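**Student:** I'd like to ask some things about the structure below.
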Amino acid sequence: MKSQCSCTTTVVNAELPAQMDHGKGTFLSSFILDSVCWEVVGVVKLWNEWCRTSSTTSVLPTDSFCLFYRLISDPTVLLCQCSCYVAEDQQFQWLEKVFGSMQKEGLQVTILSTCPVADYKTQESTLTLASPFLKALKTKEFQEQVCCPLLEQPNIVRDLPAAVLSYCQVWQIPAVLYQCYTDVIKLDTVTIEAFKPLLSSEVLKSLVKDASESTKMLKKFLTATESHNNIYI
């Protein structure tokens with residue numbers, strides 16, 4: 001990520017630490033990412049109380065890294081899959097490192113995130129809410145139609161998704177955050193499919209891969225999750 005690149009679309013997938021585990025990146029892996037159309041072009045390594053990665057690691061980054069993929073057919077499309085926790089005192093440096101490598105003119109950012117439904121503030125009981133559900137938050141410059149209702153006050157977003165959205169607001173970059181509120185600790189297929197309305201958005205609809213392949217990936221994830229859960233029966 002040292003040389004400056006010209007990007008028109010950036011998708012940031014930032015999942016919270018408690019919700020990574022088996023479900024991290026499954027939505028993107030199921031519906032968008034594949035080894036034929038995308039290539040790994042960068043990585044951000046982190047060390048904090050949540051993730052401790054060695055600077056000497058030479059294998060392909062996995063759980064404790066932020067990976068950057070570029071669409072081979074259109075190098076202006078960049079995807080960031082962040083599977084590690086970025087501490088509050090590391091967020092500014094992360095933003096400078098990532099966005100400092102991009103030309104901001106013509107850039108548009110989409111952020112995907114999850115959080116517990118218990119964090120959602122509403123006058124009704126969260127126990128009566130049909131979770132999972134999506135809420136959106138956008139910068140003033142984002143003019144496209146969002147794929148779900150906007151996040152109501154006094155709800156707020158936090159951690160890396162909030163930092164990315166704030167950075168885009170300051171730099172007048174069109175950006176939208178889609179936050180999925182879920183009542184599960186580990187991401188399941190129901191939560192993953194809650195993001196499916198995004199596949200019809202202007203940004204993602206041209207990136208969606210074959211539906212049959214997506215179904216296979218989801219089934220594979222479901223089987224792996226069930227096998228893991230059976231250990232505790």
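**Student:** Not counting ligands, DNA or RNA, and with a 1.4 Å probe, what is Glu152's accessible surface area in Å² rounded to the nearest 10?
**Tutor:** Taking all protein chains as shown, Glu152 has close to 70 Å².
**Student:** Less than 29 Å apart at the alpha-carbon level, and either on another chain or at least 8 residues along: which lysines does that give for Lys196?
**Tutor:** Lys24, Lys104, Lys121, Lys135, Lys138, Lys140, Lys186, Lys205, Lys209, Lys216, Lys219, Lys220
**Student:** Then there's this: Quick check: net charge around Phe31, other residues with Cβ under 12 Å of its Cβ, Lys/Arg +1 and Asp/Glu -1?
**Tutor:** Spelling it out: positives minus negatives among the neighbours equals 0.
The values are calculated or read from the model by the stated rules, or taken from the named source; none is laboratory data. It should be emphasised that the depicted structure is a prediction, and the values quoted were computed from it without experimental measurement. Every residue, glycine as well, gets a Cβ built from its backbone with ideal geometry; the counts of neighbours run over all protein chains shown. Surface accessibility is based on the protein's heavy atoms, side chains included, excluding ligands, DNA and RNA. Shrake-Rupley method; radii C 1.70, N 1.55, O 1.52, S 1.80 Å.
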